[in-house]
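Taking it in order: structure first as structure tokens, then the write-up.
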Amino acid sequence: MTRLNFKLEAEAAGSRGRSATFTTLHGEVKTPIFMPVGTQATVKSQTVESLKAVGSNILLANTYHLLLRPGPEVLKRFGGIHAFMNWDRPVLTDSGGFQIFSLPHSRELNEEGALFLSYVDRKPILLSPELSIQTQRAIGSDIMMVLDQCVPSTVAHDEARAAMELTHRWARRSLIARGDSPQSMFGIVQGACYEDLRKKSADTLINLQIDGVGFDGFAIGGLAVGESKPEREEFTEIAAAMLPKHLPRYLMGVGTPIDILEAVHRGVDMFDCILPSQLAQRGVAFTSRGKFQLRRSVYKFSEGKLDPECSCATCASYSKAYLHHLNKTEESLGWHLIALHNFTFYHRLMQEIRTAILEGNFLEYYNRKRVELVKSDEENPSTPEAKPKLSRAERNLAMGDYEVNYSSLGFASIRQKSSGEIMHSVNPPEEEARALYLQPSRLNERRASGARRLVIWDVGLGAATNAMAVLREITDQTPGPQAPECETELVSFEIDLVPLTLALRNPGAFTYLRHAAPHALLEHREWSSPLHNFKWRLIEGDFLITHSSAPKPDIIFYDPFSLNTNATMWTAHAFGAIRKHCGDHSTQLMTYSASTAVRATLLAQGFFVGYGTESGPKASTTVAFTRGEDALKQGNLLSREWLERWERSESRYPIGLCDADKASFERTIRHHPQFQ
């Protein structure tokens, strides 16, 4: 048992999200939780009373700044930070490691610590692990952090390893310096964006003990310091999966509401960030309708409340026009009121997440919320309070379980209401179809190579984005005196035709459908162009049943809904059925997924698997081949390095695989010809 008496209450199905409670010296903490940043024993623009009113339960303070002012002597005189700032709830203190990172030109770093010149009196101060913990003991925080060296996440492997190893040595000294203090202490996992270093760091800190006592929780450091959003999410998941389930996990310095939601989904419990207050000073508010920039002149006459779904003091009493005025005139009251609302929004978000996990519907909540949290008033630059007027032909924007979704970038997609999943949500659909499926398929090159027949499977017709990209590629070509010799057949599989029907009702939003072919497909289940020797056919129903009636494919666009929404399409059974149907035929399969489990499942079913093209936030997608010689030509196969990462992954098995079959599955992957 640790000092925190951590209790895991629930884990979300289909996600790594979890809810828990732990007990500090100043009260119970329920996770997932957001900690407002009170760097210098105060959260900027807020009082202790306002923080309690909005639901704050644990604050973060900074050791480096409190060391310089007011100093340990003052804090000791008051009996610690709680009495000093009149806060009777938990406090976590950062160690000063971030200052070592953020002030690289104002300090000297060596084995002993970081030498700073005080910004108060310019005297030199050596911030060592011992001084950091000594100061945190004087502060009296409930949770102390070890002193660490954080480096940019983009540094070379050698530099990241050296900083990680120094962090480990400092962590040991920090544990020793804690002595008999009843305060809890977290270790900090470093390693930048290198999975092997993250693994080594986690293993080292988990096993580090002094007199049989180790850390009470672990933080994930070294993220949100230069990497891309996809990299941050990937390494958050990697690092969190390496940490013990029975202790809290804290992602340091993150972040925006969408960042927090994504990190909870990947197994993180605790968060801190300055954004709710910092952005409030600039007039930015997070609301149920998106992120608003209140400095914009469109709010000058706005009589409405900031967020109709919020009951905080700001929303109850003040108009957007008044908040706009306060921010434009740089009145401190505006900062206070907007920040008060932002903290309310953050804490309400955390409570909603926790409730969804406890009630067993987090995955549904996650899919819906991850769309809502990225909205902003920039989606409608002229007036964020009113939707643009629609023509009569565009008014019917929903049908059954689907609706038209307008992106902040100006393009439309189809959204499934029940799951929140959007078809082609990141890039304009036509662009994504071309980049992810059409271009890697080398369609016209294949047609001109002398092949007599070419069969393309379009698995997951949806709103026909991928299929129309194929059709345009072929029919936009000017044929010669005779039709091309290569007969091309596009076979689309779909169980639900509502998305395509809805998209066809909104031609202004889905301009790529302005063609006779999709209308004919819905009415007659096929369309052809003899001039181009091309036929498009629709097979309606459950793909796992109907695929056996289709000719063997040369190319497969595998684009069903994701694992979270349509799990059966990502199982060993599904990929095995495709592989069996293809037999010895040369087939190339492309899919948007970059999942380790999906790639392993394809390998286990006899495919040769490689990295597909980049798509939106994903650094790579997945491509698979039935023949090794075709895979070698592709030139970007999963290597033994990937195999080593797979060995360490907690997502290495396909969905639904029973424990008795896991050993056989692992042998199949390890002995796959691709890795020999």
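So the values come out like this:
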quantity	calculated
Stokes-Einstein D for segment 401-460, Kirkwood Rh over Cα pairs, 10 °C, 1.306 mPa s (µm²/s)	116 µm²/s
Aspartates and glutamates whose Cα lies under 16 Å from that of Lys633, excluding same-chain neighbours fewer than 8 positions away	Glu445, Asp554
Along the chain, longest interval not containing exposed GluC sites (Glu not before Pro), exposed being DSSP loop plus at most 15 other Cβ atoms within 10 Å	113-302
Val371 paired with Glu352, simple spin-label distance in nm, labels 7 Å along Cα-to-beta-carbon	1.4 nm
Chymotrypsin sites (Phe, Trp or Tyr not before Pro) lying in DSSP loop within segment 244-349, provided at most 14 other Cβ fall within 10 Å	Phe301
Assigned charges on the beta-carbon of Lys, Arg, Asp, Glu; the chain dipole about Cα centre (debye)	720 debye
Fewest-first ranking of Lys291, Lys300, using other Cβ atoms within 10 Å as the exposure measure	Lys300, Lys291
Set Lys300/Lys320; Lys291/Lys320; Lys375/Lys417; Lys291/Lys369; Lys7/Lys245; Lys199/Lys229 screened for pairs whose C-alpha atoms are more than 18 Å apart	Lys199/Lys229
Binned Cα-Cα distance frequencies in segment 440-675 - 10 Å width, integer %	7, 31, 35, 20, 7, 1, 0
Trypsin sites (Lys or Arg not before Pro) within segment 186-253: DSSP coil, no more than 15 neighbouring Cβ in 10 Å	Lys245
For segment 7-273, size of Cβ-based charge dipole, Lys and Arg +1, Asp and Glu -1, in debye	520 debye
Dmax and Rg, reported as Rg then Dmax, of segment 171-302 (C-alpha, Å)	18.3, 65
Charge dipole (the chain, unit charges on Cβ, about Cα centre) - positive-most of Thr511, Val284, Thr622	Val284
Residue-span extension gain [Lys552 to Lys417] - 0.36 nm each, minus C-alpha spacing	45.2 nm
Sorted by Cβ density within 10 Å, fewest first, the residues Ile125, Ile238	Ile125, Ile238
Helix 229-242 vs. the chain, principal-axis angle (Cα, 0 to 90°, nearest 10)	70 degrees
Volume in Å³ per residue [convex hull over Cα atoms, computed for the chain]	177 Å³
Cβ-placed point charges (K, R +1; D, E -1), dipole of segment 295-360 about Cα centre in debye, nearest 20	240 debye
Net length gained if the chain between Glu431 and Glu359 were fully extended (0.36 nm per residue, minus Cα distance)	22.0 nm
Computed E for Arg505/Ser319 - FRET, C-beta separation, R0 45 angstrom, nearest 0.05	0.75
Within segment 506-595, trypsin sites (Lys or Arg not before Pro) in DSSP loop having at most 16 other beta-carbon neighbours inside 10 Å	Arg514, Arg525
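Just so you know, all these numbers are worked out from the coordinates, no wet-lab data involved. Keep in mind it's a predicted model, so treat the numbers as computed, not measured. Glycine also receives a Cβ, built like all others from the backbone with ideal geometry; neighbour counts cover every protein chain displayed.
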